[in-house]
Structures are given as C-alpha cells and as structure tokens.
Amino acid sequence: MPKLGTPTGTLEILRKYDFHFQKKYGQNFLIDPNKLEAIVDAAKVGEEDCVLEIGPGIGTLTQYLAGRAGSVIAVEIDQALIPILKDTLSDYHNVTVINEDILKVDIARLSQEKNAGKPFKVVANLPYYITTPIIMKLFESRAPIDLITIMVQTEVAQRMQEGPGSKEYGALSLAVQYYSRPEIVAHVPAECFIPAPKVGSSVIRLTRYETPPVQVKDEDFLFRLIRASFNQRRKTLVNGLGNAQGLAVTKAEAAEALRKMELPENVRGEALSLEQFARLSDLLLETGGSGS
Ligand code: SAM
C-alpha cells in the first residue's frame, strides 16, 4: 500500500472502496504531505510514545504517526472506513483501530489497557462538529494525556488562546487555559483537504499542566460558575449568576463577592481572568454556593 497524503492516492482509495463522505461526521481528509509532516513534528511524537488518534478517516495521518510512534490507537466512528483502514494500514503493525464514538470511549481505561497507564499523546484532525465536547472530554476524563495536537477551525483555535475583554473569550478559553498552555503551530489552507472545508483550519498544541495555574476549593463548581457566567453573555454577572440553575447563588451573594474582589457590580463574565474566576468561585462557595 503506497503512502497516503496526496490528492491522487486519496482519490484512488475513495474510488476503490466507493466511499461516500458523511457530512454528519465532519469528514475532510488531508492531502498535503508537508502539512502531515508538520503535524507530526508539532506533536513531538517519538518511538517511546503511544498516540491516541481521533478520527483516522482513511488512515492518512495514521500512517505518518505510525512511522514515528511506538504505537497508535485510532478511534473511528464510521464503520464504512474500517475495511479501508485495514487495507491502508496493513503494513503498520503498531496500529490498533477501534470502531467507536470517541465520546463514548473510556480513555483512562484505554490507557491502562494499551499503555500501562502512561500518558498518551493525542493527535487528530478533528471532526469540527464536536471539537469542544472532545476537548472537554480529554481534559475532564482525567486520563493521562500530556500533549494534545489537533487540527480545528481557526476561529476555535483563536478562542482557546483569548484572554479577558475579547469577543471570542469564553468558557472554552478558560477551560483550555486552566488545563494547558495553548499554542497555534500552523495554519492549513482549505485546499489541503478533500473535500475542502468552508472554514479556515489551524493546528493547535495544548501542553497539559501538571498542576493548574490557579488553585480552587472545588474544580467542578469553578467550571459550573464559568459556564453560567457565559451562558447569558449580555447579562451582568450578578444577574446571570443569581438566576443560574445548579449554583445556589443569590444575587446578593454574587454582589457581595464582587465587592470583596473590588470589582464593579455591573461587571460581565468576559472581563474576568482565570485567576479572578478562581477567587470568585472560592468566595461564592464560602457564602453558600453549592457543589452540585
Ligand atoms: N484523520 C483523517 C485525515 O486527516 O485525513 C480524517 C480527519 S476527518 C476531519 C475527521 C474524522 O473523524 C473522520 O474520519 C470521521 O469519520 C471521524 N469522526 C467523526 N466523529 C467521530 C467520533 N465521534 N468519534 C470518532 N471519530 C469520529
């Protein structure tokens, strides 16, 4: 099987198997060898690494990863791609393909079973329709993962890096920056994919922190507070949090906590840094905010 990653090689495989793209699965396959090499370089993959790839498609990026990693576990939802992967990856004996929805996979268990509980490196050209749920799952699953290198929509990559005051700043920025240090490492034009996506694409690398940059009494409460603060973006924090379900915070308690932090009573969530959210989270818990 020749190496994939060119337009002709990809079209040949698609024709051979009469494969039809499934829009619902966000299928845009990479066809540029330089970009493929750049992704594997950015992911710092070496012989000692076990890579978790999400959505291998016809196995293009998988081949590049398998050439450098100790092993690759590739999770693909589309059953129609499984016989194709068997063919395109037949020369790579360090690859395991799992036909499953990544959102249903127990990643911590997978790392126990396949990598003796050691950290995975995650590398993926992600399906854009579920970028945020996948990233949140990777962080919240508490699976050992030390580096995540993923292709996402450029706008989403930028959102992960934003700070307070920007229009794009929100719950995703705060979650990513709580767990990791984000760096955009490449921009990838639409013509590097079949079919070409209608949005710009970028590769972002998330280097997982060993300990988060802020400490809080209750991480779960911090994230519910953050989500509630951006759910109703236009509302002031006092109004947004006072109405939020599941926080058990009154408007008076929210106002009092902001006063202690010397923030104006009409401040909105988008003005607060991660450090300020952490402080607010602890203050609200002291005055009655609830853990579930
Ligand atoms: N890695 C390939 C490449 O770069 O050419 C394909 C990338 S394509 C953007 C996304 C892949 O993710 C598709 O193969 C799609 O079927 C798969 N996919 C979509 N949703 C998924 C899910 N929930 N779990 C696992 N794979 C999924």
Item checked: Search result, residues across the stretch 10-36 that are farther than 16 Å from residue 81 by Cβ, out of contact with any Cys (no Cβ under 8 Å at 6 or more places or on another chain) and within 13 Å of the ligand (Cβ to nearest atom) -> 33, 36
Notebook entry, point to check: Within the stretch 37-54, restricting attention to residues that are buried (at least 22 other Cβ atoms within 10 Å of the Cβ) and not β-branched (Val, Ile, Thr), which residue is farthest from residue 108 (Cα to Cα)?
Noted result: 43
Note to self: Among the residues in the stretch 194-207, are any away from the ligand (no atom under 16 Å from the Cβ), modelled with pLDDT of 95 or more, under 16 Å from residue 148 (Cα atoms) and surrounded by fewer than 19 Cβ atoms within 10 Å (Cβ to Cβ)?
What the structure shows: yes
Next item on the list: Note down all Cβ pairs under 6 Å where the first residue falls in the stretch 15-41 and is at pLDDT 95 or above, the second is among the small types (Gly, Ala, Ser) and within 12 Å of the ligand (Cβ to nearest atom), and they're at least six residues apart or on different chains.
Entry: 29/57; 33/5; 36/5
Next item on the list: Output the residues belonging to the stretch 1-21 that are touching a Leu at 6+ places or on another chain (Cβ under 9 Å), of a type outside the set (Phe, Trp, Tyr) and closer than 13 Å to residue 57 by Cα.
Entry: 4, 5, 10, 13, 20
Check: Based on what the data block shows, is residue 226 touching a residue at least 40 places away in the same chain (Cβ under 8 Å), touching a Pro at 6+ places or on another chain (Cβ under 7 Å) and outside any loop (DSSP other than H, G, I, E, B)?
Finding: no
Margin query: Go through the stretch 139-151 and report how many residues are out of contact with any strand residue (DSSP E or B) (no Cβ under 6 Å at 6 or more places or on another chain) and either basic (Lys, Arg) or crowded, with 20+ Cβ neighbours inside 10 Å (or both).
Written below: 2
Margin query: Could you go through the stretch 94-104 and let me know if any residue there is surrounded by fewer than 19 Cβ atoms within 10 Å (Cβ to Cβ) and of a type in the set (Ser, Thr, Tyr).
Written below: yes
Margin query: All but one of (1) crowded, with 20+ Cβ neighbours inside 10 Å; (2) at positive phi hold for residue 117; state the number of the condition that does not hold.
Written below: (1)
Item checked: Subset tally (residues that are out of contact with any strand residue (DSSP E or B) (no Cβ under 7 Å at 6 or more places or on another chain) and either in a helix (DSSP H, G or I) or closer than 19 Å to residue 97 by Cβ (or both)) for the stretch 22-39 -> 9
Notebook entry, point to check: Do any strands (runs of 3 or more DSSP E) lying entirely in the stretch 143-222 carry at least 2 residues that are within 14 Å of residue 128 (Cβ to Cβ), and which ones are they?
Noted result: 145-153, 201-208
Notebook entry, point to check: Quick one: what pairs do we get from the stretch 115-134, first residue closer than 19 Å to residue 173 by Cα and of a type in the set (Phe, Trp, Tyr), second more than 7 Å from the ligand (Cβ to nearest atom) and not in a loop (DSSP other than H, G, I, E, B), C-beta under 6 Å, 6+ apart or different chains?
Noted result: 128/153
Check: Can you tell me how many residues in the stretch 243-267 are of a type outside the set (A, V, I, L, M, F, W, C) and buried (at least 18 other Cβ atoms within 10 Å of the Cβ)?
Finding: 1
Checklist line | Where a residue in the stretch 64-75 is over 21 Å from residue 6 (Cα atoms) and its partner, wherever it lies, is within 12 Å of the ligand (Cβ to nearest atom) and in a helix (DSSP H, G or I), with Cβ under 7 Å and at least six apart | finding: 72/62; 72/65; 75/102
Margin query: If residue 31 satisfies all but one of (1) under 16 Å from residue 126 (Cα atoms); (2) crowded, with 24+ Cβ neighbours inside 10 Å, what's the number of the condition it fails?
Written below: (2)
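The values are calculated or read from the model by the stated rules, or taken from the named source; none is laboratory data. Treat the numbers as computed from the prediction; the structure is a model and nothing was measured. Using ideal geometry, Cβ is built from the backbone for each residue, glycine included, and neighbour counts are taken over all protein chains shown.
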